[in-house]
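Novice: My structure is below; once you've seen it, I'll send some questions.
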Amino acid sequence: MKILLSIDEHEASLSGGQYDIHQPIDYSSKELGTVAQLYYGTEWSDEYEALAQMIEKKYLTSSTLKHHASSLSRIYRGLGQHLFENYIPQKIGDVLRNLPEDTVILLTLNEVSSLVPWELLYIDNNFLCLRHVLGRITEREYQPGHPQRTPVPMLFIANPTGDLIGAQNEANYIMAQLRGSRISVSRYGAEIRKTHYLDLLKSGRFDLIHYSGHSQSGYEPGKSFHYFMDGPLYGYEIEALAGGNMPRLVFSNSCQSAGSIVQEDAGNTSLAANYLRAGVAASIAAIWAVSDRGSGAFASDFYRYLLFGSTIGEALLQARRNAFKRWGYSDFIWGSYIFYGNPSMKLF
């Protein structure tokens, strides 16, 4: 089954199969931004503190929202429950409660609603991202510049600044896993420079790109960046490649490559959005800091399921479930990634 779930400041709708539900909603961009602040741990405000105290009192018994860096993994259920009960209209919520597991859900969001990780809605003792195949979709349709290729040519950027041992180990493990598979890998490390990466990105040589290194969200659209030995590569430089022969999938396995700075009128400041505007078909990216151990294992599981023939969305779902079984709330890696694109897309 495939469901389309659309959310903006004025209406939520759910369609697909037997469903065609449209319900009005009413919340301000400032209100939704405050909810997003609780997830991302950005600037403290009076509204932030009031909402944190309300959620803590209503949903939590022995936790605190004030020290998000160390405690968020223990209180995401409360945040997800608050999101579900206060921002998802009842009729749509009833449908989401009763969907069969592994339903494909396509999320369409605007600049305001995209700030919030709806993937972490908490419904009847489980998170949406652990129950269903999810993808955020855009109106733009990807036009491949070449036929589908086998083996799939992959560009692997690992530790481009030379100071991330975890990224180096991740690359070694995944390279060994992919050896002799239907993915052919070209690997670069600290020797690659920004201009070389941009040339490779637009060259049409690669269908899949994996970046494992430093990333940072910026305060303005286009100012988020990957970091290379010769400095930051900004999102606006990636967007400038629009019209080129872009890859089908970019996996940015680095901190905050999907996260947006929560600021009114700033638009979506994430690198994932920059890649999509440049013409990449799909993008996987993290919305906050990720651990070396968790991110490496997650990526390894994801590629393993792709090689088994899973769709991108199915491979992500299985990787999330595996991570949750391994670590539960001690490592929130399973809830750290956002997928932009059609989850039914396959690489093979």
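Novice: Just need log10 I(q)/I(0) for the stretch 152-340 at q = 0.09, 0.11, 0.14, 0.16 Å⁻¹, Debye formula, equal scatterers on the alpha-carbon atoms, no solvent, rounded to two decimals.
Specialist: After summing over all Cα pairs, the log10 values are -0.28, -0.43, -0.72, -0.97.
Novice: List, in the order given, every pair from 2/346; 30/91; 2/223; 2/91 whose Cα-Cα distance in the structure shown is over 23 Å.
Specialist: From 2/346; 30/91; 2/223; 2/91, over 23 Å: 30/91; 2/223.
Novice: Something else about it: Given springs between every Cα pair under 10 Å in a Gaussian network model of the chain, which of 154, 229, 246 has the largest fluctuation?
Specialist: 229
Novice: Continuing with this model, one more query. For the stretch 121-132, what does the Karplus curve 6.51 cos²θ - 1.76 cosθ + 1.60, with θ = phi - 60°, yield as ³J(HN,Hα) per residue in whole Hz, taken in order and with x for Gly and Pro?
Specialist: Each residue of the stretch 121-132 in turn: 3, 10, 10, 6, 6, 7, 8, 4, 6, 9, 9, 9 Hz.
Novice: Using the Cα centre of the chain as the reference point, and only Cβ charges (+1 on K/R, -1 on D/E), how large is the resulting charge dipole? Debye, rounded to the nearest 20. Intermediate results must be reported in sequence, preceding the final value.
Specialist: Values: 30 positive and 35 negative charges, 305 e Å.
Roughly 1460 debye for the chain.
Novice: For residue 127, what residues show an amide H to amide H distance below 5 Å, using hydrogens built from the backbone and excluding near sequence neighbours?
Specialist: Long-range HN contacts for residue 127: none found.
Novice: On to the next question. Could you pull out every residue, at least 5 positions away or on a different chain, whose amide H is within less than 5 Å of the one on residue 279? Hs are placed 1.01 Å off N in the peptide plane, and Pro or chain starts have none.
Specialist: Placed amide hydrogens put nothing under 5 Å from residue 279.
Novice: Related question: Among 201, 32, which comes first, second and so on when ranked by fewest other beta-carbon atoms within 10 Å?
Specialist: In order of increasing Cβ crowding within 10 Å: 32, 201.
Novice: Picking from 200, 316, 38, which is most flexible by a Gaussian network model of the chain using Cα springs under 10 Å?
Specialist: 200
Novice: For the residues 348, 324, what sequence is obtained by ranking on other C-beta atoms within 10 Å, fewest first?
Specialist: With the sparsest Cβ surroundings first, the list reads 348, 324.
Novice: Now for a different question. Compute log10 of I(q)/I(0) for the stretch 2-136 with the Debye formula, placing one identical point scatterer on every Cα and leaving out solvent, at q = 0.10, 0.19 Å⁻¹, to two decimals.
Specialist: So the normalised log intensities work out to -0.32, -1.12.
Novice: To continue, here is another question. What 222 nm value per residue comes from the helices of the chain, counting each DSSP H run with n ≥ 4 as -39,500 (n - 2.57) and dividing by all residues, nearest 500 deg cm²/dmol?
Specialist: -11000 deg cm²/dmol
Novice: Label points 7 Å out from Cα along the Cβ direction at residue 15 and residue 187: separation in nm?
Specialist: 4.7
Novice: Using the Karplus curve 6.51 cos²θ - 1.76 cosθ + 1.60 with θ = phi - 60°, what ³J(HN,Hα) values do you get for each residue of the stretch 284-289, in whole Hz, with x for Gly and Pro?
Specialist: Listing the rounded values in order: 10, 8, 8, 9, 7, 4 Hz.
Novice: I'm spelling it out carefully: the read-out is Kirkwood radius over Cα pairs in Å, the candidates are (i) 20.4; (ii) 28.4; (iii) 23.1, and one was derived from this structure. Which label?
Specialist: So the calculated entry is the one marked (i).
Computed from the coordinates by the stated procedures, all read-outs in this text should not be read as laboratory data. None of the values given here were measured: they were computed from a predicted structure. Ideal geometry is used to build each Cβ from the backbone, glycine not excepted, and the neighbour counts take in all protein chains shown.
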